[in-house]
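Peer 1: To start, I am sharing the structure in question, which I have written as structure tokens.
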Amino acid sequence: MLQRLREQVLEANLELVRRGLVLYTFGNVSGISREEGLVVIKPSGVPYNDMRPEHLVVTDLSGKTVDGPLRPSSDLPTHLVLYNRFPEIGGVAHTHSEYATAWAQARKPIPCYGTTHADYFHGEVPVTADLTELEIAGEYEENTGHAIVRSMQNTDPLATPGILVANHGPFAWAGDATTAAHNAAILEFIARMAYFTLSINAAAPSAGNALRDKHHFRKHGKNAYYGQAKNQEKQ
Ligand SMILES: [Zn+2]
């Protein structure tokens, strides 16, 4: 079932390892087939080295397993809240990557200090509010998803393809699982550069709106012109 999506989601999980974003069995990536309303996600607690496409777990959007003998990642309910709330996303990646998690633990949004950041995030990387004791004691992983959604408010999830969960770590997303893992790597990279920026100049200002908009919208949206147009034939 969903063999191609299983392979894509497995590769996206392995990309987290290749990029040094996860230790041991930390982290998880999922992808969704919107036509079938089914999610493919990493199994819980299986070492990355041993993971095969058939180990991935297929669930519906309520979290019920429909294929696979293993238990899904315990963070599945967070992923499901995001898929249910943001129909434009097709993949979610979660890590405890070092610099992004440091910002999450400091509960500080990452300011947009330059064009590398603006190419991916149109403005700061937000940080969620902390969960209440009741939210932690209850459906903790699902409530983590709700905290993300509350912090996103009316933000376009494709213009802000990730967030820092307070005292926890980053979640990134995108139109598909491969790009979600890519965005998790980029988020770690810009978190690291922002840390260095502040250590060089603790009063460094954010990039101006004109530069931020220029870089973001040359890659995203209807007037994007960066890279090769998808439907353009070679002359
Ligand atoms: Zn986590």
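The values are calculated or read from the model by the stated rules, or taken from the named source; none is laboratory data. The structure displayed is predicted, hence computed values, not measured ones. Every residue, glycine as well, gets a Cβ built from its backbone with ideal geometry; the counts of neighbours run over all protein chains shown. These accessible areas exclude ligands, DNA and RNA; they are computed on the full protein's heavy atoms, side chains included. Shrake-Rupley method; radii C 1.70, N 1.55, O 1.52, S 1.80 Å.
Peer 1: Tell me yes or no: at least one residue of segment 48-68 is open to solvent by less than 20 Å² (accessible area, probe 1.4 Å), within 20 Å of residue 146 (Cα to Cα), under 20 Å from the mean Cα position of the chain (by Cα) and in contact (Cβ under 8 Å) with a residue 40 or more places away in the chain. Walk me through how you get there before you give the answer.
Peer 2: Residues of segment 48-68 open to solvent by less than 20 Å² (accessible area, probe 1.4 Å): 48, 51, 56-59.
From what's left, within 20 Å of residue 146 (Cα to Cα): 59.
Next, from what is left, pick out any that are under 20 Å from the mean Cα position of the chain (by Cα): 59.
So of that shortlist, the ones also in contact (Cβ under 8 Å) with a residue 40 or more places away in the chain come out as none.
No, there is no match, as no residue in segment 48-68 is open to solvent by less than 20 Å² (accessible area, probe 1.4 Å), within 20 Å of residue 146 (Cα to Cα), under 20 Å from the mean Cα position of the chain (by Cα) and in contact (Cβ under 8 Å) with a residue 40 or more places away in the chain.
Peer 1: List pairs: first residue in segment 70-84 and farther than 21 Å from residue 46 by Cα, second residue open to solvent by 10 Å² or more (accessible area, probe 1.4 Å) anywhere in the structure, Cβ distance under 7 angstrom, at least six positions apart or on different chains.
Peer 2: Taking only residues 6 or more apart or on different chains, the pairs are 81/142; 81/146; 81/149; 83/32; 83/61; 84/61.
Peer 1: Are any residues in segment 184-203 more than 11 Å from residue 100 (Cβ to Cβ) and not hydroxyl-bearing (Ser, Thr, Tyr), and if so, which ones? Please lay out each step first, then the result.
Peer 2: Kept after step one, since they are more than 11 Å from residue 100 (Cβ to Cβ), are these residues of segment 184-203: 193, 196-203.
Across segment 184-203, the qualifying residues are 193, 196, 198, 200, 201, 202, 203.
Peer 1: While we're on this one: Where in segment 122-221 are there helices (runs of 4 or more DSSP H), lying fully within it, with 2 or more residues that are within 16 Å of the ligand (Cβ to nearest atom)? Walk me through how you get there before you give the answer.
Peer 2: Details: elements: 133-137, 140-152, 177-200, 209-219.
Per the criteria, 133-137, 140-152, 177-200.
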